[in-house]
Structure formats: C-alpha cells, structure tokens
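The values are calculated or read from the model by the stated rules, or taken from the named source; none is laboratory data. Keep in mind it's a predicted model, so treat the numbers as computed, not measured. What goes into the accessible areas is simple: the full protein's heavy atoms, side chains included, and nothing from ligands, DNA or RNA. Shrake-Rupley method; radii C 1.70, N 1.55, O 1.52, S 1.80 Å.
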Amino acid sequence: MKDTTTSGRIPTWLSRRSPAAARLLTAGLLGLATPGCLVRQGLYDEARAEIQRERDAGDKARAEAQSARAEAQSARAEAAQRSAQVAAIEEELARLSDDLRARDLRLSEATTAEAGLARRLDELIAMNEELSARLRSAGQSVGQLAGERGSLSAELAETRAKLDDLRRKQAAAEARAAGIRDAVDRLKGAAFAGKVRVGLRAGQLVIEVPSDALFNGARAELTPGGRAALDDIAGVLRTMPAFRFQVAAHTDNDRKAMKSARFSSSWDLSAARATAVVKRLVERGMSPRGLSTVGYGEFSPVGPNDTEAGRARNRRVEILVVAEQETPGEAEKATGKDAQAGGG
C-alpha cells in the first residue's frame, strides 16, 4: 500500500516532515490540473524547491551524524590507549616498590651487623678494664700484661675502625637510596612520565626513553618534544651531583632507513643520538664530567626486529647511573698516584 494522503497525490512522509511544502505542492498540482493557470505553476515549483531543500538538509544531517560516530569511535580508541599506558605505569610502580623493599632489607641487615660489632666493642672494653685491674692487683709479669694489653688495644682499634667504616658505608648507602627514591618519584611525576620507563637495574637507576619520542625517523637531531623531555630529565638529574651517568643509544636493524639518512651503520646512528642527548643535558646545566656516551646500534635488542612493535621497543635511549663521582680529595690522590707512576 502506497504512503499517500487522503488526496492520493501527496506522500504522507512529506506531509509530516514539511507541512508547508505539502500544502504548496498540493496547490501546485491542483493548479496544474487547471489549464492556463500560471500562478499555480509557480506554487508547484516553489513546493518542489522546498522539497529539495528538505532533502539537502537531511543529507547534511546524515553526514554530521556519520562524522559524530567517527569522532566517538576515535575517542574510544584513545581512551583504550590511555588505559593501557596507565596499566603499564602501575606495573612499573609495583616493580619499583619491590626493588625498594629489597634495598630496605639490605639496610636492615647492615644495621644488624653494626649492632653485633658494637657488642663486640663493648666486650673488648670490658676485657681491657679487666686486664688493667689484674695488672694493678696481681703480681703478674708486667711485660706479659703489657703484651696482652697491646694486642687487645690493637684489636680494639681495628674493631672501632671497622665499625666506623661500616657506619659511613651505611650512611652513604642510605643517602644514595634516598636520592634514588626521590629521583624516581620526581621522574614519575613529571609531565613526560607517559613516554618513559623509570626503574632500577642491579640497584641502579635506569631511565628509558623511546627514540621516537626524541628523534624523527633515522635522524640524530632532537625534535622540540624531545628537547622538552630531556629538559625535564636534566632538572631531576641535576639534583644528583654525586653520581655519574651514561647515555646509551640503541636502534633497530632497518639499515635502509639509516643509509637514506646518510649513516653508514647503526653504530654511527646510535653514537650520534647519544651525543645529541648528552649535549642537551649539558646545555640544561648538567656537568659534562659526570656524563659519558655509548652507541650499541642494533646489537642489544629488547624485542624482535621482525615486527614493527619489536623494532619500536629496540629504538630507545637509556640514561643509567654507572658510578659515584669522585670527591675532590680522591681525584687529587688518583692524580698524584698517576704522576708518581709516570715519573718512576
């Protein structure tokens, strides 16, 4: 059954969507039925124009609805990606918490050892006092007692020296641990935290930044975003002047892209990238004496090079704490020893 009005001429859907157009079309049709009536022909044309405008408006509305659906789908995909990044950060936080608990356990063991040495020191002091009393009250050989007392004093001095050294090492370890914990917290709280991985490797701080966040393609020039990320990292590392850092750059095995960027090998590309990172850190206030570079090229991968995801993981820059800085006194001693060795 056709969808028409009671007149049998005007579609019902037109009457519902545009009553004015329906009336105009009805009048136009009636006019067309009357020969020689030009005014009613104009009404008919006006009705047809109104219908065309209604169709154009409908097409525009459908296009806008399709665009809105595409935007909603993009928003859902971005939300899923954000959720994955949050999950990765939470996993990294859990791993760092485990590392810090292990360090706290080692500090507790050192404290226990210190307590044992302190008890031994008290025992030696008591023995020394006992020998002194025997020397005063008994008729024993003064030479024998003096020998025993000298041996005991030497052992007592050695124990005290060991105890002092252990206390210094424990204080230094606690200071290092506190500094590393503070650095980890600050790095995780920075604006670029979603782009980098911060962790501990063999008790040392490691900051891993994807190369794609620092460089474009197989190039060694830092992008504006890469410079901003390194500026934030330098702001944290400047608060750790007692440490030395090594910047290690890694690549994937796409040699064709390297050659197109005028690098003869992945070693050349990784070395150039590590140097660019170090220069930026120095520009942002870090001491060049505490920095070094190394380029591993494609030969220290963390993922397979036969997938795009694996290659993206392999393209990375790592900033590692490699040692403590030498104090001025230690540096002078080392210089003096080298001079004596050279002069001999």
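Surface composition of region 253-305: carbon and sulfur make up 51 percent of the accessible area, probe 1.4 Å.
Using the empirical formula 2.2 N^0.38 Å as the baseline, the Cα radius of gyration of region 216-258 reaches a ratio of 1.52.
Using the 1.4 Å probe convention, the accessible area of region 188-273 works out to 47 Å² per residue with neighbouring protein chains retained.
Legend: residue pairs 169/279; 195/279; 162/188; 169/195, Cα-Cα distance threshold 29 Å; pairs beyond threshold, 169/279; 162/188; 169/195.
Each residue of region 69-78 was assigned a 3J(HN,Hα) from its phi angle through the Karplus curve 6.51 cos²θ - 1.76 cosθ + 1.60 (θ = phi - 60°); the sequence is 5, 5, 5, 5, 5, 5, 5, 5, 5, 5 Hz, with glycine and proline shown as x.
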